[in-house]
């Protein structure tokens, strides 16, 4: 249910979608496909452009209800069925290497194992439950009790919760790294439909 003036959210929705439309050719070259954009939802599919054949492992659905008094609600969905993906269905957990603490001397840092986090979080004991994007600027992050000390208001004006910024992060850690595989699939048909 919309609590914020719906016209405010609609204008912000139009601004965010308009920005994507302005750079749509760049988005397509990255494998981003704006499938639908009708208030309050935007659905963007992500393809693996560096992989043959190209694969669309997931789509991201952004809910602009109450935006931007509240951050965007992000879900990962099947691009064609529009149903939320269970954690077990995700092809990636969006792994991100953490930067090395600059206070650590270089020679020590070189010997330390790389630290990484997964931006896509899920409950391991519930593989059929949907996961969520654990990232500042998303509703799931700011409404989670573990992040009660990091309120949305601290990020609201930084750009962290803007649609393009969230899509860029999902692409950077989700489908952009999948570019080193080439799979040859041959389809043998005994009959060709009329």
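The values are calculated or read from the model by the stated rules, or taken from the named source; none is laboratory data. Note that this is a predicted model, so its numbers are computed, not measured. With ideal geometry, Cβ positions are generated from the backbone for all residues, glycine too; neighbour counts draw on all protein chains shown.
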(request) Answer yes if at least one residue in region 152-166 is over 27 Å from residue 24 (Cβ atoms) and part of a loop (DSSP other than H, G, I, E, B), and no otherwise. (result) no
(request) Identify all residues within region 140-170 that are over 19 Å from residue 14 (Cβ atoms) and in contact with a strand residue (DSSP E or B) (Cβ under 7 Å, 6 or more places away or on another chain); write none if there are none. (result) 140, 170
(message) Going residue by residue through region 105-116, is there one that turns out to be at pLDDT below 85, assigned to a strand (DSSP E or B) and closer than 25 Å to residue 168 by Cβ?
(response) yes
(request) Scan region 35-49 and give yes if some residue there is in contact with a helix residue (DSSP H, G or I) (Cβ under 7 Å, 6 or more places away or on another chain), under 24 Å from residue 134 (Cβ atoms) and without any contact (Cβ under 8 Å) to a residue 40 or more places away in the chain, otherwise no. (result) yes
(request) Output yes when any residue across region 53-62 is assigned to a loop (DSSP other than H, G, I, E, B), buried (at least 18 other Cβ atoms within 10 Å of the Cβ) and under 19 Å from the mean Cα position of the chain (by Cα), and no when none is. (result) yes
(message) I'm checking my understanding of the structure. Among residues of region 63-81 that are surrounded by fewer than 20 Cβ atoms within 10 Å (Cβ to Cβ) and farther than 23 Å from residue 122 by Cα, which one is modelled with the lowest pLDDT?
(response) 68
(request) Would you mind telling me which numbered condition in (1) out of contact with any strand residue (DSSP E or B) (no Cβ under 6 Å at 6 or more places or on another chain); (2) at pLDDT 80 or above; (3) under 23 Å from residue 43 (Cβ atoms) residue 178 fails? (result) (2)
(message) When you check residue 83 against the structure, is it within 18 Å of residue 177 (Cα to Cα) and touching a strand residue (DSSP E or B) at 6+ places or on another chain (Cβ under 7 Å), yes or no?
(response) no
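Results for (1) free of Cβ contacts under 8 Å to residues at least 60 places away in the same chain; (2) within 29 Å of residue 152 (Cα to Cα), shown as yes or no for each residue.
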| residue | (1), (2) |
| --- | --- |
| 15 | yes, yes |
| 31 | no, no |
| 68 | no, yes |
| 111 | yes, no |
(request) Would you be able to tell me the number of residues in region 82-100 that are at pLDDT 85 or above and not in a loop (DSSP other than H, G, I, E, B)? (result) 5
(request) Within region 98-115, identify whether any single residue is surrounded by 14 or more Cβ atoms within 10 Å (Cβ to Cβ) and either under 18 Å from the mean Cα position of the chain (by Cα) or closer than 26 Å to residue 24 by Cα (or both), and answer yes or no. (result) no
(request) Could you list all residues from region 128-149 that are part of a loop (DSSP other than H, G, I, E, B), in contact with a helix residue (DSSP H, G or I) (Cβ under 7 Å, 6 or more places away or on another chain) and surrounded by 13 or more Cβ atoms within 10 Å (Cβ to Cβ)? (result) 129, 131, 134, 135, 137
